[in-house]
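Visitor: Provided herewith is a single structure, encoded as structure tokens, for subsequent inquiry.
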Amino acid sequence: MIPFLLAVSFVKAQTTASVVTSGGKVIGVFDNIHAAVIPVIKPDNVEGSQFLSDYWNRGTVYFKKGKRVDSILLRFDIVNNSLYFEQDNMTMKFIDEVSSFKFNYLDGEETKTATFKNGYPDEGAANAQSYYQIFSEGKSYHLLKYLKRVISEEYVYGGVAKKKYNAFDSWYVYDVKEKKLISIKPGKSSITKKLQAESAKIEDLCKKNNWELKSDAELTALFDQLNK
């Protein structure tokens, strides 16, 4: 990713951005949102997408200093684990530190809501600034998915190799009390082993609801129940 080109300052994300030279100071008063214009480089001839949604979708952004912006056009870059927004036909990235954001998007014909948050402990290549998708968030546990896309090549006999994005997403449970991330894999057996203190309750819920805990919906429903 090429570094920021221009610094900008605008009020509540709905007004026209005033561009400041890259060597200038970002000018703003209380409640201004500071951002930078960036180029988004998309590799050529790669099947699939680096974004959760290729379209700009309206959502809400929450900042670490307590500010909030509503009804702003957002897009999440999975490859770079980065949040972008659109203003005056420019792609921008926030300078102010973001704590979480959410937006609705179309997945086929289904409308889904995606919520992302950072601030979790370091885990592998991820750190406290990395965004995780939130599927359940309660007083005991957060059910998280770390989204990852990697370009791979498929060789075709007598033809040109095809490039495509492959998903290597990882599931985690954040234990609120212990303040630690627990890596899990979908499936009842795996989850009961990782959360032994909850194993009896998990078994009862799975039996009652006929869950195998292999789908996003069942995993979310389980942790919603564990958080009650």
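Visitor: For the stretch 127-177, what class follows from the C-alpha gyration tensor (a ≥ b ≥ c being the square roots of its eigenvalues): rounded when a/c is under 1.5, otherwise prolate if a/b is larger than b/c, else oblate?
Guide: It is prolate, given that a/c is not under 1.5 and a/b is the larger ratio.
Visitor: To the nearest 20 debye, what is the magnitude of the charge dipole of the chain about its Cα centre, counting +1 on the Cβ of each Lys and Arg and -1 on the Cβ of each Asp and Glu?
Guide: With Lys and Arg at +1 and Asp and Glu at -1, about 580 debye.
Visitor: Taking square-rooted eigenvalues a ≥ b ≥ c of the alpha carbon gyration tensor, is the chain rounded, prolate or oblate, where a/c under 1.5 means rounded and, failing that, a/b exceeding b/c means prolate?
Guide: On the way: a/c = 2.28, a/b = 1.41, b/c = 1.61.
Oblate.
Visitor: Taking 7 Å along the Cα-to-C-beta vector as the label spot, tell me the T220-T60 distance in nanometres, rounded to one decimal.
Guide: It is 1.7 nm.
Visitor: Right, next: Along its principal axes, what span do the Cα atoms of the stretch 62-194 show, with the longest given first and each in whole Å?
Guide: Cα spread of the stretch 62-194 along its principal axes, largest to smallest: 56, 50, 31 Å.
Visitor: Report the local net charge at D107: Lys and Arg +1, Asp and Glu -1, summed over other residues whose C-beta lies under 13 Å from its C-beta.
Guide: That works out to -3.
Visitor: Separate question: Please compute the contact order of the chain in relative form: average sequence separation of alpha-carbon pairs under 8 Å and at least six residues apart, divided by the residue count, as a percent.
Guide: Relative contact order, the chain: 13 percent.
Visitor: Moving to a separate point now. Which value, in debye to the nearest 20, gives the size of the charge dipole of the stretch 113-189 about its Cα centre, when Lys and Arg are +1 and Asp and Glu are -1 at the Cβ?
Guide: 140 debye
Visitor: Based only on other Cβ atoms within 10 Å, what is the fewest-to-most ordering of F85, F135?
Guide: Result, fewest neighbours first: F135, F85.
Visitor: Would you mind getting me the FRET efficiency between K177 and E47? Use the beta-carbon distance for r and R0 = 41 Å, nearest 0.05.
Guide: Rounded to the nearest 0.05, the efficiency is 0.45.
Visitor: Let me ask another. Placing unit charges on C-beta atoms (Lys and Arg positive, Asp and Glu negative, everything else neutral), compute the dipole magnitude of the stretch 54-178 about its Cα centre in debye, rounded to 20. Intermediate results must be reported in sequence, preceding the final value.
Guide: Details: 18 positive and 18 negative charges, 45 e Å.
Dipole of the stretch 54-178, to the nearest 20 debye: 220 debye.
Visitor: Please determine, in degrees from 0 to 90 and to the nearest 10, the orientation of helix 216-226 with respect to the longest principal axis defined by the Cα atoms of the chain, where the helix direction is its Cα long axis.
Guide: Here the helix axis deviates by roughly 70 degrees.
Visitor: May I pose another question? Give me the net charge for the shell around K93: Cβ to Cβ below 13 angstrom, other residues only, Lys and Arg +1, Asp and Glu -1.
Guide: Working: positive: R75; negative: D77, E86, D96, E97.
Once positives and negatives cancel, what remains is -3.
Visitor: Which loop GluC sites (Glu not before Pro) in the stretch 96-138, with loop taken from DSSP, have no more than 13 other Cβ atoms within 10 angstrom of their Cβ? Show your work: numbers first, answer last.
Guide: On the way: sites: E97, E109, E110, E123, E137; in loops: E97, E109.
In loop regions of the stretch 96-138 (DSSP not H, G, I, E or B), the sparsely surrounded GluC sites (Glu not before Pro) are E97, E109.
Visitor: Next up: Taking the Cα atoms only, what angle lies between the long axis of helix 199-209 and the longest principal axis of the chain, rounded to 10 degrees?
Guide: Tilt relative to the chain: about 90 degrees.
Visitor: Quick one: net charge of N81's neighbours, Cβ under 14 Å, K/R +1, D/E -1?
Guide: Here the charged neighbours net out to +2.
Visitor: How large is the Kirkwood hydrodynamic radius of the stretch 79-118, counting all unique pairs of alpha carbons, in Å?
Guide: Across the stretch 79-118, the inverse of the average 1/r is 12.0 Å.
Visitor: Looking only at Cα atoms, what is the convex hull volume of the stretch 129-228 per residue, in Å³?
Guide: Once divided by residue count, the hull of the stretch 129-228 is 122 Å³.
Read-outs throughout are calculated quantities, based only on the coordinates presented, and are distinct from any laboratory measurement. Remember, predicted model here, so these are calculated numbers, not experimental data. Positions of Cβ are generated from backbone atoms using ideal geometry, with glycine treated the same way; all protein chains shown enter the neighbour counts.
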